[in-house]
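The values are calculated or read from the model by the stated rules, or taken from the named source; none is laboratory data. The model shown is predicted, which means the values in this text are computed figures rather than measured ones. Here the Cβ positions follow ideal geometry from the backbone for every residue, glycine too, while neighbour counts run over all protein chains shown. Ligands, DNA and RNA are excluded from the accessible area calculation, which covers all protein heavy atoms including side chains. Shrake-Rupley method; radii C 1.70, N 1.55, O 1.52, S 1.80 Å.
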Amino acid sequence: MTHGLTLGKYAPLHRGHQHVIETALAEMELVTVIIYDAPETDIPLPVRAGWLRQLYPQVQVIEAWGGPTDVGYGAKLKQAHEDYIINTLGISGISHFYSSEPYGEHMSIALKACDRRVDEQRLTVPISATKIRSNPYACRDFIDPIVYRDLVSRIAILGAPGSGKTTLSAQLAQHFNTCWMPEYGREYWEQHQVARRLQPQELVTIAKEHRSREDQLLLTANRFLFCDTNALTTRLFALDYHDQVEAELEELATQCRDTYALTIVCNIDFPCPQTWDRSGPVKRQLFQGQILADIHSRHIPYLLVSGTVQQRLQQISHTLQNFHKFMNPAELTWA
């Protein structure tokens, strides 16, 4: 049996990496991919390994925890990589070693395998991991959608009706040169409400469509996607209308904790125009308390912003200055 091996950090995985893997799949009966830990990057190893498993379920993916992190061609460093792969990971029986780098030579010799170089001059896929890491959002054409969506942080903007969520979301998108997701529930409510209410299944429809539109916008977003409300808000409307929540909506609300990298809550510290579609200041205060209680009960870290739109923008910009999607929330510098 022909058995191809390739390896890398895949931080992030790009079309050049995929070209190597797909070439191996076309030529080999069995393909193994070793993915190294890369603590110096912002993307955890399980996330990067997940990309490979989703895109190539037929490939054997080995997560190489604790392997050498330095790269280079010194004798000691080459020996360290060879020892790790052959002795620590126990890799053997490889007929072809696939790469697009000079290290293919010494690894192939160590594995007693054919040195199979793929697009070493980057002519078929003119991109490098270094270039992508410098600005992955400008290189999105070289990144699979499954990967790209994990490079974008969804930021949820919550708050009672009339707390400035829509205005703030639009301003944030403009400030960070990205896109934002308008509140689909408002659009649906204006078209379908009866006596200012919606039926339970309609609220499920709202939450599902809102999430679906977010998923689509992820592929055009630049680092952040600002989302005007999410299923947590829709769930509270279900309780307000009907004193109960459909199981599907409850599940979508539960997923919010892991879906959004950061939650921002708009304070109700300025007057809200009272129009026919508003429920009044008393209800607004009640709804705000319910939102805060709900996210507290779910242990969702959040930033409460107050003041003018510009002041809120400054608070959020300060928090997002060194933010990345997979960071520990305890390390955030809250405004």
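Miscellaneous remarks
- Extreme residue, most open to solvent (accessible area, probe 1.4 Å), among residues of the range 110-131 that are assigned to a helix (DSSP H, G or I) and either under 19 Å from Tyr73 (Cβ atoms) or among the small types (Gly, Ala, Ser) (or both): Thr130
- Checked against (1) within 18 Å of the chain's Cα centre (by Cα); (2) touching a residue at least 12 places away in the same chain (Cβ under 8 Å), Arg53 passes all but condition (2).
- Residue match in the range 268-284 (condition: crowded, with 16+ Cβ neighbours inside 10 Å, out of contact with any helix residue (DSSP H, G or I) (no Cβ under 6 Å at 6 or more places or on another chain) and of a type in the set (D, E, K, R)): yes
- Leading residue by the ranking (nearest to Asn322 (Cα to Cα)) among those in the range 235-274 that are out of contact with any strand residue (DSSP E or B) (no Cβ under 8 Å at 6 or more places or on another chain) and among the aromatic types (Phe, Trp, Tyr): Phe270
- The range 152-163, residues that are over 15 Å from Tyr302 (Cβ atoms) and at pLDDT 95 or above: Val152
- Lone unmet requirement of (1) open to solvent by less than 30 Å² (accessible area, probe 1.4 Å); (2) aliphatic (A, V, I, L, M); (3) closer than 30 Å to Asn177 by Cα; (4) not in a strand (DSSP E or B) for Met107: (3)
- Among the residues of the range 132-145, just one is open to solvent by 40 Å² or more (accessible area, probe 1.4 Å) and in contact with a Leu (Cβ under 6 Å, 6 or more places away or on another chain), namely Pro145.
- Condition check for Thr205: without any contact (Cβ under 8 Å) to a residue 40 or more places away in the chain and open to solvent by 10 Å² or more (accessible area, probe 1.4 Å): yes
- Yes/no for Leu217 being outside any strand (DSSP E or B) and open to solvent by less than 20 Å² (accessible area, probe 1.4 Å): no
- Filtering the range 82-95 for residues that are assigned to a helix (DSSP H, G or I), of a type in the set (Asp, Glu) and over 19 Å from His3 (Cβ atoms) leaves a non-empty set.
- The C-beta contact set for the range 4-28 (first residue free of Cβ contacts under 8 Å to residues at least 12 places away in the same chain, second residue open to solvent by 20 Å² or more (accessible area, probe 1.4 Å), distance under 6 angstrom, 6+ apart or interchain) is empty.
- Matching residues in the range 17-43 - criterion: being open to solvent by 20 Å² or more (accessible area, probe 1.4 Å) and either under 26 Å from the mean Cα position of the chain (by Cα) or closer than 13 Å to Val147 by Cβ (or both): His17, His19, Glu22, Asp37, Pro39, Glu40, Thr41, Asp42, Ile43
- Condition met for Glu209 (at pLDDT below 95 and of a type outside the set (Ser, Thr, Tyr)): no
- When residues in the range 146-162 are screened for being of a type in the set (A, V, I, L, M), open to solvent by 10 Å² or more (accessible area, probe 1.4 Å) and within 17 Å of Ala173 (Cα to Cα), 1 of them pass.
- Residue within the range 164-178 that is open to solvent by less than 20 Å² (accessible area, probe 1.4 Å) and farther than 22 Å from Gln310 by Cβ present: no
- Test: residue in the range 184-199 that is assigned to a helix (DSSP H, G or I), modelled with pLDDT of 95 or more, crowded, with 21+ Cβ neighbours inside 10 Å and among the aromatic types (Phe, Trp, Tyr): yes
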